[in-house]
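The numbers here are math on the coordinates, done by the rules we state, and not lab data. All figures in this text were calculated on a predicted structure; none of them were measured in a lab. Glycine gets a Cβ as well: all are built from the backbone with ideal geometry, and neighbour counts include every protein chain shown.
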Amino acid sequence: MSLKALPLIVISFILYNAIVLLDRGGDATVFLAQKVFPIPLMTGVLWLTWGDLLILLTMGLLFIELMKATYTSSASLLDHGLSMLVFVACLIEFLLVKSAGTSVFFIIVVATLIDVMAGYTIGIRVARRDLSIGGEN
């Protein structure tokens, strides 16, 4: 299996679970609300918690996944299938595991859903474009 076929959004899923495990199954919201690098805003509020950082990472990885979906290859089919498995695992964990019932994890679940939907949609559109370009010759 090629590493290009690995959905990168699984990194967020693994990091969230690592945070929960390191917190020894405690309340994940307490750890996620802790400040990482307190960045003072003009309003005087200190910003950037662990949860914010994890969401930012997830959005960056989702962007990369959307860019990967624009390429057609045999690895992209495996990537779409693995993305679906990651989404199913995230959804099951969100519904059944108490420490996964946070807004941060819900955003990770939604990002995996967007990855799955966009991956198939973009893949089909790119394949149609490739077929129409190849058929004109």
Fewest to most neighbouring Cβ within 10 Å: what's the order for Ser12, Ser83?
Ser12, Ser83
Return the loop-located GluC sites (Glu not before Pro) in segment 31-137 (DSSP other than H, G, I, E, B) with at most 15 other Cβ atoms within 10 Å of their own Cβ; answer none if there are none.
Glu136
Quick query: amide H of Trp47 versus all other amide H atoms, modeled in the peptide plane; which residues come in under 5 Å with a sequence gap of 5 or more or a different chain?
Ile39, Leu41
Answer with a single label: of (1) 62, 39, 23; (2) 58, 34, 23; (3) 54, 37, 24, which was calculated as Cα extents along the principal axes in Å from the structure in view?
(1)
Karplus-derived 3J(HN,Hα) from phi for segment 97-111 (6.51 cos²θ - 1.76 cosθ + 1.60, θ = phi - 60°), whole Hz, x at Gly and Pro, runs 9, 4, 6, 8, x, 10, 5, 4, 5, 4, 5, 5, 4, 5, 5
Say we join alpha carbon atoms closer than 10 Å with springs in a Gaussian network model of the chain; which of Val110, Val45, Val86 then has the biggest fluctuation?
Val45
So how much slack lies between Arg128 and Lys4, counting 0.36 nm per residue of separation and subtracting their Cα-Cα distance, in nm?
42.4 nm
Taking only Cα atoms, what is the 0 to 90° angle, nearest 10, from helix 10-22's long axis to the longest principal axis of the chain?
20
Can you sort Leu66, Leu56 so the residue with the fewest Cβ neighbours within 10 Å comes first?
Leu56, Leu66
Descending packing, highest mean Cβ count within 10 Å first, for 72-82, 27-37 is 72-82, 27-37
Pairwise FRET efficiency - Leu48 versus Thr70, Cβ, R0 = 35 Å, nearest 0.05:
0.65
Name the lysines eligible as straight-distance cross-link partners of Lys68: C-alpha to C-alpha under 20 Å, and not fewer than 8 places from it in the same chain.
Lys4
